[in-house]
Number of protein chains: 2
Amino acid sequence: MAKRKITSTNSINRDNLIDFCGMVYAVDLLGGRWKLLILYKLEQRILRFSELKKKLPGISDRMLTLHLQELEQHGLLIRTVYAEVPPRVDYQLTDSARLLIPIWQQLEQWGLQHRSVMEQVEAEPVEEAGNRN
Amino acid sequence: MAKRKITSTNSINRDNLIDFCGMVYAVDLLGGRWKLLILYKLEQRILRFSELKKKLPGISDRMLTLHLQELEQHGLLIRTVYAEVPPRVDYQLTDSARLLIPIWQQLEQWGLQHRSVMEQVEAEPVEEAGNRN
DNA sequence: GCCATTACTTACAATTTTGTGTGCTGCACA
DNA sequence: TGTGCAGCACACAAAATTGTAAGTAATGGC
């Protein structure tokens with residue numbers, strides 16, 4: 001996510017797709033393990049680093065730091081540093097990130113619905129009705 | 001994407017987040033390099049393997065196969081095999097995947113808009129106006 | 001002086017994803 | 001007899017992401 005070897009096919013493909021398509025670009029910005037969740041936690045209010053950490057069980061300092069930095073670089077959140085000791089830093093969504101809120105809400109709905117559909121399908125006896133061969 | 005070591009922290013975190021949140025689950029299903037684009041190409045009509053390949057410049061056989069298999073497993077597309085030689089296989093969206101169409105259209109819009117905002121910001125002189133320290 | 005605090009950084013290791021190259025099927029056409 | 005086709009499978013290599021463990025700074029309380 002951080003450092004890339006810009007000559008690799010992997011990286012070239014990524015860049016091509018990002019240039020080519022706003023959707024891929026969007027998913028690229030949001031695609032880390034914790035990114036969407038970080039944004040989601042910030043939907044309600046400003047949070048500081050330690051508060052975010054509490055709300056994301058299982059995340060390490062490093063991962064939180066990395067994702068926050070990238071989200072900031074990509075214009076999705078605003079980082080505010082207070083000159084105190086011990087340090088205090090807080091994070092809030094940018095306007096552009098707020099425009100995403102209705103989208104991720106729909107994604108949440110779709111995800112829950114799709115999962116329940118999947119669970120039903122798995123519970124059914126397999127019939128292979130789709131293949132005409 | 002395919003094989004995972006289910007005891008790793010990486011994998012455990014992933015599973016926990018997926019269980020916990022429909023949004024993360026959704027992004028997990030759609031998160032491969034080419035997946036959203038594959039679905040998008042299938043929005044208009046059924047396509048066969050070779051047609052998809054033409055529409056996705058830079059993709060290898062293997063990547064296309066892998067993503068198609070996973071999308072099928074996850075209930076996002078339907079694979080139909082015809083008993084012909086040479087083989088013919090085609091792919092179409094499931095109903096559940098069709099429900100995603102308006103969402104990815106919004107994501108596409110947001111992506112284009114956000115990118116143009118980002119380009120403006122980068123063009124401006126840096127002022128660091130956000131940090132009070 | 002000694003320690004806890006907070007938001008990090010660094011070096012490293014493990015895991016996961018992506019890509020490359022080869023080969024396979026079974027028939028049609030030359 | 002040889003070649004091409006389409007949709008893969010396989011073994012392997014490269015790259016990207018994620019996680020672990022150990023630091024660091026300056027201050028306030030004891």
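Need the failing condition index for B:Leu107 against (1) open to solvent by less than 50 Å² (accessible area, probe 1.4 Å); (2) within 12 Å of DNA strand C (Cβ to nearest atom), just the number.
(2)
Residues that are touching a strand residue (DSSP E or B) at 6+ places or on another chain (Cβ under 6 Å) and either farther than 30 Å from A:Val89 by Cα or in contact (Cβ under 8 Å) with a residue 40 or more places away in the chain (or both): does region B:108-130 have at least one?
No, region B:108-130 contains no residue that is touching a strand residue (DSSP E or B) at 6+ places or on another chain (Cβ under 6 Å) and either farther than 30 Å from A:Val89 by Cα or in contact (Cβ under 8 Å) with a residue 40 or more places away in the chain (or both).
If you go through region B:34-44 one residue at a time, do you hit one that is more than 12 Å from DNA strand C (Cβ to nearest atom) and over 25 Å from A:Leu100 (Cα atoms)?
yes
In region B:34-47, how many are over 28 Å from A:Arg33 (Cβ atoms) and either near DNA strand D (Cβ under 10 Å from one of its atoms) or open to solvent by less than 20 Å² (accessible area, probe 1.4 Å) (or both)?
Residues flagged as over 28 Å from A:Arg33 (Cβ atoms) and either near DNA strand D (Cβ under 10 Å from one of its atoms) or open to solvent by less than 20 Å² (accessible area, probe 1.4 Å) (or both) within region B:34-47 amount to 1.
Any residue at all in region A:82-92 that's more than 11 Å from DNA strand D (Cβ to nearest atom), within 16 Å of the chain's Cα centre (by Cα) and under 28 Å from B:Leu36 (Cα atoms)?
Looking for residues that are more than 11 Å from DNA strand D (Cβ to nearest atom), within 16 Å of the chain's Cα centre (by Cα) and under 28 Å from B:Leu36 (Cα atoms), one finds none in region A:82-92, hence no.
Name the residues in region A:4-33 that are open to solvent by less than 10 Å² (accessible area, probe 1.4 Å) and touching a His at 6+ places or on another chain (Cβ under 9 Å), would you?
A:Gly22, A:Ala26, A:Leu29
Looking for something within 12 Å of the chain's Cα centre (by Cα) and more than 13 Å from DNA strand D (Cβ to nearest atom) - is there at least one such residue anywhere in region B:48-63?
No, because not a single residue in region B:48-63 is within 12 Å of the chain's Cα centre (by Cα) and more than 13 Å from DNA strand D (Cβ to nearest atom).
Wholly within region A:33-103, which helices (runs of 4 or more DSSP H) include no fewer than the required count, namely at least 1 residues that are of a type outside the set (Val, Ile, Thr) and away from every other protein chain (no Cβ under 13 Å)?
It comes to A:49-55, A:61-73.
The values are calculated or read from the model by the stated rules, or taken from the named source; none is laboratory data. What you see is a predicted model, and the numbers here were worked out from it, not measured in a lab. Because the Cβ atoms are built from the backbone with ideal geometry, glycine has one as well, and the counts that use them run over all protein chains shown. Keep in mind that these areas ignore ligands, DNA and RNA; they rest on the heavy atoms of the full protein, side chains included. Shrake-Rupley method; radii C 1.70, N 1.55, O 1.52, S 1.80 Å.
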